Amino acid sequence: FTCDKTEEWTDPTIRVSRTKDFTLNCKAPIVESERTCEIKFQASYEGELHQSHDVFVIAESEFAAGKTKVSPLDTETKSPLKISASWSDAQPFVEKDNAILYLDYEYSGDGIIEKLRSDAEKTNSDVHFTIPSNLKVQDDRCIDFSPDASGTFMLNKDLTFIAGKAKRSTCVFETGAAQPIDQGKLSLAATFKYKIDSSIPITVQPKKSI
């Protein structure tokens, strides 16, 4: 096949829940008998993931009363990348206890994400998160992340995907409560490059003689 572009994308951005078409005019090869050919194509784009997770910590006096119930909310944007955040214990946490955060990475769809990149300068890693005031990271117990000057935790090593999953990250926090029921929010963001390799099968028949 020989293909010619019929248009140029002046704006490569594809908004959420939108589609964008790219048109090619292709000429089939001359064949002597029917055959199936493939038009192969490759595409890549940069995407983002944003999510937040409620964190409830209660004072020891509130825990002693034994009546506290909370309903933490989690929100996230739609994305082929998924970072699942889970905790070692059910909420609410009790002040001065340890809370262990687990981050599990995977992606879905027809494309691939090769890896999530770190940044030695701690300014532009592919994954970063912020913690609320009711959590404090314990020294050297958040191995895959390092805080920058503003307190944002930046991914400090590359995470490579194998069979759609990357190695789990673990962070250990000490909890604190400035009030009987202290509610905060952990916010996480990620950027990634998603690559798609695919093909379209097309049957080509010989031209009929007149």
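The values are calculated or read from the model by the stated rules, or taken from the named source; none is laboratory data. Everything numeric here is computed off the predicted structure, so don't read it as measured data. Using ideal geometry, Cβ is built from the backbone for each residue, glycine included, and neighbour counts are taken over all protein chains shown. Accessible surface is based on the protein model in full, side chains and every heavy atom, while ligands, DNA and RNA are left aside. Shrake-Rupley method; radii C 1.70, N 1.55, O 1.52, S 1.80 Å.
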Problem - Kirkwood Rh in Å, taken over all unlike Cα pairs in region 83-210 - result: 17.2
Handout entry: Phi-based couplings in Hz for region 41-55 (Karplus 6.51, -1.76, 1.60; Gly and Pro marked x)
Key = 9, 9, 9, 8, 8, 9, x, 9, 10, 10, 8, 9, 9, 5, 10
Exercise for the section: Name the residue, out of Tyr107, Tyr194, Tyr45, whose mean-square fluctuation peaks in a Gaussian network model built on the chain with Cα pairs under 10 Å. Expected result: Tyr45
Problem - region 83-149 - accessible surface per residue (Å², probe 1.4 Å) - result: 55
Fill in the blank from the handout: Length-normalised contact order of the chain, Cα under 8 Å, at least 6 apart, in percent, tallies to 32
Practice task
Restricting attention to the chain, give the cysteines that have no other cysteine Cβ less than 4.7 angstrom from their Cβ.
Solution key: Cys37
Handout entry: Cβ-based net charge around Ile196, under 12 Å, with every Lys or Arg adding one and every Asp or Glu removing one
Key = +1
Practice task
Name the lysines eligible as straight-distance cross-link partners of Lys96: C-alpha to C-alpha under 21 Å, and not fewer than 8 places from it in the same chain.
Solution key: Lys67, Lys69, Lys136, Lys185
Problem - Estimated [θ] at 222 nm from DSSP helical runs (n ≥ 4, -39500 (n - 2.57)) normalised by residues in the chain, nearest 500 - result: -500 deg cm²/dmol
Problem - Simple label model, 7 Å out from Cα along Cβ direction - Ile200 to Ile39, nm - result: 0.4
Practice task
Pop a pseudo-label 7 angstrom from the Cα along the beta-carbon direction at both Trp87 and Glu32 and give the gap in nm to one decimal.
Solution key: 7.3
Completion exercise
Cβ-Cβ cut-off under 9 Å around Val57, Lys and Arg +1, Asp and Glu -1: the net charge is -3
Fill in the blank from the handout: Once Lys and Arg are counted +1 and Asp and Glu -1 for all other residues with Cβ under 9 Å from that of Glu114, the total becomes +3
Exercise for the section: For region 135-210, give the percent of accessible area contributed by carbon and sulfur heavy atoms, probe 1.4 Å, rounded to a whole number. Expected result: 52
Exercise for the section: Give me the lysines in straight-line cross-link reach of Lys165: C-alpha distance below 17 Å, same-chain residues under 8 apart excluded. Expected result: Lys82, Lys115, Lys157, Lys193, Lys195
Handout entry: Lys20 versus Ser108: modelled label distance in nm, points set 7 Å from Cα along the beta carbon direction
Key = 2.4
Fill in the blank from the handout: Under a 1.4 Å probe, counting only protein heavy atoms, Asp104 has an accessible area in Å², nearest 10, of 50
